[in-house]
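Report on one structure; see the data block that follows.
The values are calculated or read from the model by the stated rules, or taken from the named source; none is laboratory data. On a predicted model such as this, the values are computed, not experimentally measured, just so you know. As a convention, Cβ positions derive from the backbone with ideal geometry for all residues, glycine included, and neighbour counts pool all protein chains shown.
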C-alpha cells in the first residue's frame, strides 16, 4: 500500500488530458456534446479504467487519446507529445472490442501485421510474434486461422498483436465485453499478469463495475448527457489480485462506492 | 431409420446420383414421347444411348473427322478466345473496381452507369462488333471481355466496401501508408468477392464465345451447332456439342473454385483434412451464406 503510494507520487505523468471536449454534429446538423471538460492525469505504469453507461463518451475519450478522434476543445499530451506524434511512433497499442483479425492470415501472421508496418525484418517479426503468442498462451495455435479459434482465443491474439509493437501504452476498448463470464475471468488474470510483467500504462474502457474495480488502480466514472468525468475512485486493493478477492468485503465496498458515485444515483 | 435417410441425403454422391437419375429418366420419357408422335423428325430428341454411340463411333461425319473429333477441335478455338476475353474482362474489371475504390469521383461518375453494360444486349451487338473488328476471333475476345467485366468489377467493389471500419481504424493506429492499407487489407479482403465475380463471369464468357461463333462459318462450337442443326451433320453432333458446352461451362466455375482454394489460405484450411475439417467446413459454409446475404447482390442488378 505504502509502496504503491510512493510510486504513484514519484512517477511522472504519462498521459495528460486538459479540458477535453468533443462535439459531434447529428443528422439534423445540431451539435451534440459527446464529452466536455475532462481533466485527467495518468501515471506511467498505471492501470486506469474509464467506466460508464453507453453514451457517456468513454470510447470517444479513448479514441481521442489514440488520435482516432479529433478533440474540439482542450488537448491531450502523451509523454509531452500530441496523440498524432505518438501514433506515428507506434507508442500505443489499441485493442478493439471485436478482435479485428484478418481471416486470410494465420494467428502468427496476424500478430506480425503491425511489425510489417514498422519495416522489421522477417526474422525479427517471427521471433517477436512467437514471444507474444507464448505470453498469451497460444503458441500451439500459431499456424491456425482466426476462424478456428474461440472468441476468447481471438481476443488473446488481439492483445498479443497490440503488445507486439512494444508500446508504452495499451488502450483497450471494452475488450472482454463480448466474452462469457468464465473466459472473461481467465483473461482478467492473464491481462494483470502481462501488465505486471511488461509494466505498460493501460487505459481500459468498460461498462462493467466489477471488471473495472478488479483490474484498476483507479476507476474514472463518466456520466452521460453530456459525457463528463463525474468521479475518480482509487482502488486500494492489494496486488497481485486474485479471483477470490471478489468475495471480500473490501471489494464489495469499492464496487458500492463506484456505483454510488454515478451522478443521479444508481447505475441503470 | 428416418435418421439414416436424412444422413443419406446429406451425402454429396447421393445428391448427384439423385439428380442424374431424375434427369436421365425425364430425358428418356421425353425422347420416347417425341418418337411416338411421329410428326417431327424422329431423332430431334434422340435417346441418350444414341448420342453416346455417336460420340464413340469412328464414323466420319464432317471433313473426315469423327463426331467427337469435330467437337473437340472446334471447342479449342472457342475456348481459347473465351479464356482470352475472360482474362481481359476480369483484369479490367478488377482494375476499375480498384480505381473506383481509390477515387470517390471515379466511383460517382462510373458506378451508377456500370450496370447499363448489363442491360445492353451485347450479344445482339455481336454482328456490329464483328463488322468493326473484322475478325471472328477478335470479336469473340471483345464480347467475352465485355460480359466478364461487369460481374468482376461489381463484386470486387462490393468486397472493398465490405471491409469494416474497425479494420481501417486498426491500420490507422499502426500509421499504415495508403499502399499498405490496400496491399495488406483491402485487396486480400476483396479476393473472395473477386472469385464470386469470376465464377459468374467464366460460363458467361464461354456462352458468349459460342454465340459469336454462330455468326461466321469459321469452325467454333457455335458454328458447328448451327451447321449440325441444318442437317449438314447428324442431330447427335448437335446434342454432343450442347452437352459438351454445358459441361465446360460448369467445369469453368469449378475450376475457379479450385483456384480460389489454392490462392486463399483461409479456404485451404477450411477444405483441409484433419480432425476439425468437418467442423470448419460447416463454418465456412455458413460464412459463405452470410457473405452472400450481406452483399447488395450486384450480380442481380
If you go through A:45, A:29, the only one that is more than 14 Å from every other protein chain (Cβ to nearest Cβ), assigned to a loop (DSSP other than H, G, I, E, B) and buried (at least 16 other Cβ atoms within 10 Å of the Cβ) is A:45
Pick from the range A:92-104 the residues that are touching a strand residue (DSSP E or B) at 6+ places or on another chain (Cβ under 9 Å) and within 9 Å of another protein chain (Cβ to nearest Cβ): which of them is surrounded by the fewest Cβ atoms within 10 Å (Cβ to Cβ)?
A:97
Taking residue A:161, is it under 16 Å from the mean Cα position of the chain (by Cα), within 11 Å of chain B (Cβ to nearest Cβ) and buried (at least 17 other Cβ atoms within 10 Å of the Cβ)?
yes
For the range A:215-240, what are the residues that are part of a loop (DSSP other than H, G, I, E, B) and modelled with pLDDT under 90?
A:224, A:225, A:226, A:236, A:237, A:238, A:239, A:240
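From the residues in the range A:58-91 that are assigned to a loop (DSSP other than H, G, I, E, B) and in contact with a strand residue (DSSP E or B) (Cβ under 7 Å, 6 or more places away or on another chain), which one is farthest from the other protein chains (Cβ to nearest Cβ)?
A:72
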Residue selected from the range A:132-151 under the condition touching a residue at least 12 places away in the same chain (Cβ under 8 Å) and assigned to a helix (DSSP H, G or I), by the criterion nearest to the other protein chains (Cβ to nearest Cβ)
A:147
When you go through (1) crowded, with 22+ Cβ neighbours inside 10 Å; (2) in contact with a helix residue (DSSP H, G or I) (Cβ under 7 Å, 6 or more places away or on another chain); (3) farther than 29 Å from residue A:181 by Cβ one by one for residue A:107, which number turns out not to apply?
(3)
Show the residue pairs that are 6+ apart or on different chains and have beta-carbon atoms under 6 Å apart, the first residue being within the range B:45-59 and part of a loop (DSSP other than H, G, I, E, B), the second being surrounded by 15 or more Cβ atoms within 10 Å (Cβ to Cβ) and at pLDDT 80 or above.
B:45/B:31; B:47/B:31
Out of the range A:64-81, which residues are under 18 Å from the mean Cα position of the chain (by Cα) and in contact (Cβ under 8 Å) with a residue 40 or more places away in the chain?
A:64, A:65, A:66, A:69, A:76, A:77, A:78, A:79
Candidate set from the range A:170-193 (those that are in contact with a strand residue (DSSP E or B) (Cβ under 6 Å, 6 or more places away or on another chain) and farther than 14 Å from residue A:154 by Cα); member that is surrounded by the fewest Cβ atoms within 10 Å (Cβ to Cβ):
A:174
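Go over the candidates A:116, A:127 one by one and state the one that is surrounded by fewer than 20 Cβ atoms within 10 Å (Cβ to Cβ), away from chain B (no Cβ under 14 Å) and more than 17 Å from residue A:183 (Cβ to Cβ).
On inspection, the qualifying residue turns out to be A:127.
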